[in-house]
């Protein structure tokens, strides 16, 4: 997996692939909630794919892996191109933040209490009017001053300040690079490098604090690693999937899944696969950091988590709207006259609303088959209890 991701279907990808292969889709397979693309990757020898996700950063990863001609540029070529601009912006930012960087070194070399105090006192856009003013100026700048978002939003929390400086400097170099055919690859590697070193559990709804000796040791170890070094490794990790001819027929969309299937714009479709959220948790809050970094749009931010104010929400995660959302999904796919394959656990929010997937699907499809598998679901990085819980994952194959 390129980025750690809650709700990944990696454990189900083979089952989904096999179910779709049995349908012998007469066209491309649409993955409506594609996330990190586990299912799309599994389909490389079955059918071309259309991936869709509500978050922009996942689309960059999908484009880098599932589309495009075979790369002729090497990772070493990319690093050689980017290094001068990276070093220039890094030096500028280190001068701007010289005092804060020295304070960070002292905190990292000190006690657990020293590091906790440093994190608590650090200013960022979520708690400082001055930092918000600086962010506004950076957003409006067309020069190198524009590249300070990670430092202003996520330092001394999700990242060390030194790492945030490196992240901003790398983005400045990527944006200045003239090889546009490599842009998605570079940005995907940039996000992937961040995910390796982010000071957080399996998501970025919150960052870790040195509340124990083990947490303190982990943060110190993580914060002293280099984003740039990790970026050079990630360029190789973000490899292309499948053949060039397979990738040529793939497409990547960003948006609400229900909007996509209702718009009537999809062409050459053989099957639709849907893996909608199944809890009341709005997934966008778990990935707001990656989304903000990718978009680099200096959004309004609030709270210790530095959350953006315009996070995407879906009716699939609202008990009051989940039933209607499933009706919309089934109704619009049935109009396309293609099979619909749905992944959904027995313990999902729809069941809490007193309805099952087959009850809704049979109103729109003539044949609904159910296949069940044992699975382990993440508890969203919970601080207490088990990190995973057992569940029954169901595949519903809906035929017109």
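A short reminder: the numbers here are calculations on the coordinates, not readings from a lab. Worth saying up front: this structure is predicted, and the values here are computed from it rather than measured. Quick reminder, even Gly has a Cβ in these numbers, built from the backbone with ideal geometry, and neighbours come from all protein chains shown.
Okay, here's what the table says:
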item	result
Between the stretch 262-322 and the stretch 346-370, the alpha-carbon center distance in angstrom	23
Cβ-based exposure ranking for 326, 365, in which fewest neighbours within 10 Å come first	365, 326
Residue with peak Gaussian network fluctuation, the chain [Cα springs, cutoff 10 Å], from 250, 127, 52	127
Ranked 266, 399, criterion: other C-beta atoms within 10 Å, fewest first	399, 266
Which label in [x] 1.12; [y] 1.03; [z] 0.94 gives the computed Cα Rg over 2.2 N^0.38 Å	[y]
Ranked 346, 34, 245, 111, criterion: other C-beta atoms within 10 Å, fewest first	245, 111, 346, 34
Residue-span extension gain [residue 263 to residue 142] - 0.36 nm each, minus C-alpha spacing	39.9 nm
With Cα atoms, 0 to 90° folded angle of helix 98-109 axis to the chain main axis	80
Gap separating the Cα centres of the stretch 91-165 and the stretch 21-88, nearest whole Å	32
Using alpha-carbon coordinates, inclination of helix 13-23 to the longest axis of the chain, degrees	30
DSSP beta bridges in the chain [antiparallel fraction, %, rounded to 5]	55
Degrees, to the nearest 10: 112-121 long Cα axis against longest axis of the chain	80
222 nm mean residue ellipticity, helices alone, for the chain (DSSP H n ≥ 4; -39,500 (n - 2.57); rounded to 500)	-13500 deg cm²/dmol
Most mobile of 218, 267, 335 in a GNM of the chain (Cα contacts under 10 Å)	267
